[in-house]
Amino acid sequence: MAWYDVFSTFYDQTVERVYRSYRARVVDALELEVGDSVLDLACGTGPNHPYLVDATRGDGRIFGVDFSAGMLKRAEAQAQREGWTNVFLLERDARQLTVADLEAACGAPVHLSHVVVALGLSVIPDWEAVFKATFELLPPGGRYVIFDIHAERWVPQTWVVRKMAQADLSRQTWRALEACSEDFSFEYLPGSPHIHGGRPFLASGRRPE
Ligand SMILES: C[S@@+](CC[C@H](N)C(=O)[O-])C[C@H]1O[C@@H](n2cnc3c(N)ncnc32)[C@H](O)[C@@H]1O
C-alpha cells in the first residue's frame, strides 16, 4: 500500500486539525463566482471541498485530483454524505492530468477557470512541470492559488513533515507562479515552524490576458 493511502487513515484527525483554520482564506483567494469550474490539485481527503462548494453555490464543477485511492475514498465519502453532485473525484497522477480526464469524469466539456493546490506542490515530484501544465489549463484571466509551507531554516518539525508528508519545504513554489502570472500576490500567514515545519504562505495570480 502506498504511503499516502496509509496516511489517509489518520490525515483528517492529525494534519487537518492543524490546517482547518486556513481553508476559508485559501478558497477566498480564488475569488470564485457562481458557476466557476475549479481544479483542486492533490486534493487529498477533500478538506477544501466544503468551501469550494459553498463559494460556487453548488453550481459549477469542482474537480478533485489525487493519486492516492485512500485519500480519494474519504473525499468521495464526504461528497456522498453531503449530497454534492458537482464534485468529481479523479484518481490520477498530477503529472499525467489532461482536460480530457476532467471531461471524462463529468461527461461534458470543461472550461476550467480556477486551480487551487494546497499542501501539494511541496509533495508532488516534478512540481515545476506539474505547475506549468496545470497553469496552462487556465484560460487568460483564470486564477491559480497555492497554499503551502516554506522552511527558510530547517527545525526538527521540518524533518517530521518531510518524513510524514514526504514534503520538501525548501521549495519556493510561489516563484513559478510569480514568473508567469499577473496580479500576483504573496503573503505569509500566521503559523509557526515548530508546528508547521516552516511558514504557511498563500500565493495567487492570474493567467495574463
Ligand atoms: C499533504 S497532502 C495535501 C492534501 C490536501 N490538498 C490538503 O490540503 O490537505 C498531499 C497530497 O498530494 C497527493 N499527491 C502527491 N503526489 C501526487 C501526484 N504526483 N499526483 C497526484 N497527487 C499527488 C497525495 O496523495 C496527498 O493527498
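Here are some notes:
- J(HN,Hα) series, segment 83-93, from Karplus relation 6.51 cos²θ - 1.76 cosθ + 1.60, nearest Hz, glycine and proline x: x, 6, 10, 10, 10, 10, 10, 10, 8, 9, 6
- FRET efficiency, D93 to I195 (Cβ-Cβ, R0 25 Å, nearest 0.05): 0.25
- With a cut-off of 16 Å on the backbone N, the residues of segment 10-47 near the modelled label site 7 Å out from A77 along Cα-Cβ are 10-17, 44-47.
- Computed from the Cβ-Cβ distance with R0 of 41 Å, the FRET efficiency linking D5 to A108 stands at 0.85.
- Dipole of the chain, positive end: most advanced residue of T85, V18, Y144 [Cβ charges, Cα centre]: V18
- Calculated [θ] (222 nm, deg cm²/dmol) that DSSP helices of n ≥ 4 give over the chain, each run adding -39,500 (n - 2.57): -9500 deg cm²/dmol
- Which of K163, K132, K73 has the fewest Cβ neighbours within 10 Å, and the rest in rising order: K163, K132, K73
- Gain in span if fully extended, F186 to E152, counting 0.36 nm per residue against the direct Cα distance: 10.7 nm
- Of the chymotrypsin sites (Phe, Trp or Tyr not before Pro) in segment 1-48, the ones in a loop by DSSP (not H, G, I, E or B) with at most 11 other beta carbons within 10 Å are F10.
- Beta bridge orientation in the chain: antiparallel %, DSSP, nearest 5: 40 percent
- Signed unit charges on C-beta, dipole axis of the chain, positive-most listed residue S181, A100, W3: W3
We did not get these values from a lab; they are worked out from the coordinates using the rules stated. Since this is a predicted model, take the numbers as computed values, not measurements. Positions of Cβ are generated from backbone atoms using ideal geometry, with glycine treated the same way; all protein chains shown enter the neighbour counts.
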